[in-house]
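Beneath this line is the structure, given in C-alpha cells, with notes to follow.
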Amino acid sequence: MRGANLPLSTLAGGTAFVYSIALRGKGVLMDDANYRLALVVKAGHDGQTIMMACNGDNNFEPCFDAPAGLTGFTKGNGDFTTSTSICTDYVISVGSYITRNVWQTYRNTIAWYPASKMTGQRQQLGEISDFSSYGIDDNGKLRPTLLAPGMGIISGTNNYDNNMFLVNAPGTVDDSNSSQFLCSYVEKHGRNNWYVLEQGTSMAAPVVTGIVALWMQAKPVLTVNDILGVMKNTCINDEFTTNPAMIPSGNKVQAGYGKIDCLAGLKEILGTTGIETIEVGGHREATPSTMYSVDAPVYNMMGQRVGKSQKGLVIYKGRKYVNQ
C-alpha cells in the first residue's frame with residue numbers, strides 16, 4: 001500500500017489535497033461482504049467535500065461501498081477504470097465489444113463465454129465487454145474514445161506459450177490440460193501453428209490502428225483532430241451503446257463515440273458515397289488478389305473467414321484496390 005499527499009489549487013481558489021492509495025497483491029473477487037477491505041472516509045467539518053474514486057481492474061467489483069444505514073460517509077465512485085497513460089489529447093483510447101460469443105475448439109467441440117459478471121446474463125453479440133475500461137481522464141475528457149472488436153477474436157498464438165503447449169515441444173498440445181480457446185492450426189515448417197480465441201482491449205486497439213493507417217493512406221495530411229472528428233461523425237451507435245440498460249456498467253461513457261466504422265470513415269475522408277474501382281496495373285503489388293497466397297486463413301473484423309471470391313477493399317500506397 002502506498003499513499004500520496006498532493007496539494008492542488010481549485011477553480012474556486014481554495015486548496016485541495018489528493019490522496020492516492022495503491023494496493024498490491026493477488027487480485028481476487030470477494031463475493032462475501034464479511035471479508036472486504038474497508039476504507040471509510042468522513043468529512044471533518046460541515047461544508048468539506050470529499051470525493052473518492054476507484055480504478056480497480058474489475059469494474060463490476062464495488063469500490064468503497066458505504067456502510068449500510070450510516071449517513072455522512074462517502075460512498076465513492078467506481079466509474080474510473082482507465083489509466084493515466086491515456087490522459088492526453090493525442091491518444092485515441094479504445095474500448096472493446098463482442099463479435100463472437102461461441103466458437104469451435106480444435107477438438108470440434110463448441111465453447112462459449114460464461115455469463116457477464118456485471119449483468120449475470122449470457123453475453124450477446126455487439127455488447128460491450130465486461131472488462132472494457134471507462135471513466136474520465138485527468139484532463140476531464142470522457143474515455144474511451146470509441147469501441148472496436150475485442151472479444152471473440154481469432155488470432156495467431158505463440159507456440160512457446162507454456163500455458164497452452166508443451167514446453168519442450170513448441171506448438172504441441174497437452175490433451176490432458178488443453179485450453180478451450182485453441183481453435184485450429186496450420187502445418188508449416190514441420191510443426192503446427194495455432195489459432196486461438198483471444199480477447200481484450202489489446203485486441204481492439206490494433207483494429208483501430210489498422211483502420212487509422214488505412215484512412216491516412218487515403219489522405220496522408222489528416223491530423224489527430226481530423227481523425228477524432230471522423231470517428232465522432234461516423235461511429236455506429238445501437239442499443240448496446242445508447243441504452244444504459246444494455247451497457248454492462250450502466251454508464252453510457254463506457255461506449256465512447258460508439259463502434260468504429262471503417263468504410264463510413266473512409267467515405268467521409270474521401271468525400272464520396274461510394275468507393276471506385278481502380279484496376280491493378282501490370283506489376284505485382286500487395287492487392288486483395290495476391291494477399292491470399294499465404295497458407296494461413298484470413299479473417300475479417302467480425303471473425304468471419306474470408307475467401308478469395310469475397311469482395312473487399314484495400315488501400316495500398318495511396319491507391320484503392322477492390323477484389324472483383
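The values are calculated or read from the model by the stated rules, or taken from the named source; none is laboratory data. Computed from a predicted structure; not experimentally measured. Neighbour counts run over all protein chains shown; Cβ positions are idealised from the backbone, glycine included. Ligands, DNA and RNA are excluded from the accessible area calculation, which covers all protein heavy atoms including side chains. Shrake-Rupley method; radii C 1.70, N 1.55, O 1.52, S 1.80 Å.
Mind running the shape call on region 103-211? Use the C-alpha gyration tensor, a ≥ b ≥ c as the square roots of the eigenvalues: rounded below 1.5 for a/c, prolate if a/b tops b/c, oblate otherwise.
prolate
What does the charge count near Gly152 come to, summing +1 for each Lys or Arg and -1 for each Asp or Glu among other residues with Cβ under 9 Å from its Cβ?
Every neighbour counted, the sum reads 0.
Given a 1.4 angstrom probe, I'd like the percentage of the accessible area of region 164-278 that is carbon and sulfur, rounded to a whole number.
It is 51 percent, rounded to a whole number.
Under a 5 Å amide H to amide H cut-off, with H placed in plane at 1.01 Å, what residues pair with Asn193 once short-range neighbours are removed?
Hits under the 5 Å cutoff: Val186, Glu187, Lys188.
Which part of region 78-108 falls in the paramagnetic zone of Ile136, meaning amide N under 14 Å from the point 7 Å along Cα-to-beta-carbon?
Those under the cut-off are 78-82.
Determine the sum of side-chain charges near Leu228: Lys and Arg each +1, Asp and Glu each -1, restricted to other residues whose C-beta is under 15 angstrom from that of Leu228.
Computed value for this residue: -1.
Hey, with R₀ at 51 Å, roughly what FRET efficiency would Ile236 and Ile50 work out to, going by the Cβ-Cβ distance, to 0.05?
The pair Ile236/Ile50 has a calculated efficiency of 0.80.
May I ask you to compute the full-extension gain from Leu166 to Ala43, defined as 0.36 nm times their residue separation minus their alpha-carbon distance, rounded to one decimal in nm?
Gain on stretching Leu166 to Ala43: 38.6 nm.
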